[in-house]
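Asks: Please read through the structure below; I'll follow up with questions.
Derivation of every value follows stated rules applied to the coordinates shown; laboratory data play no part. Fair warning: this is a prediction, and the values are worked out from it, not measured in the lab. Please note: Cβ atoms are built from the backbone with ideal geometry, for glycine as well, and neighbour counts cover all protein chains shown.
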Amino acid sequence: MKTGISSSLAGLALVSCFVLSACGSSEPPEPPPVKDTVFGGLEATKDRARAVEDVTMQQKKSLDEAVEAQSNGAAAPAP
C-alpha cells in the first residue's frame with residue numbers, strides 16, 4: 001500500500017513540474033513608453049519643470065555676476 005501512495009505522489013510531482021514549466025513564457029512583453037501610460041502627464045510636467053529650472057538657474061547666474069561686479073566696485077553688466 002505504501003508503494004502505491006509513494007508512486008502516485010511521485011507521478012503527481014512529475015505532472016506538476018510539467019504543467020508549471022508549460023505555463024511560463026520565455027520573455028516578458030516590452031513595456032509601453034511612459035507617455036502612453038497613466039504617468040505620461042506627470043512625465044511631461046517634470047520635463048516642463050526641468051526647462052523652467054534651467055531658465056531660473058541662468059537668471060541666478062546673471063544676478064550673482066551682477067552682485068559680484070558691484071561688490072568689486074565695477075558697474076553692473078547690462079542685462
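Asks: What translational diffusion coefficient, to the nearest whole µm²/s, does region 33-79 have by Stokes-Einstein, given a Kirkwood radius computed over alpha-carbon pairs, a temperature of 4 °C and 1.567 mPa s viscosity?
Replies: On the way: Rh = 13.0 Å.
Estimated via Stokes-Einstein, D reaches 99 µm²/s.
Asks: Another question, then. Figure the gain on full extension for A13 and N72 (residue separation times 0.36 nm, minus the Cα-Cα span) and round it to one decimal in nm. Walk me through the numbers before you get to the answer.
Replies: Numbers: separation 59, 0.36 × 59 = 21.24 nm, distance 8.42 nm.
Length gained between A13 and N72: 12.8 nm.
Asks: For the residue pair V38 and M57, what label-to-label distance in nm results when each label sits 7 Å from Cα along the Cα-to-beta-carbon direction?
Replies: Simple spin-label model gives 3.2 nm for this pair.
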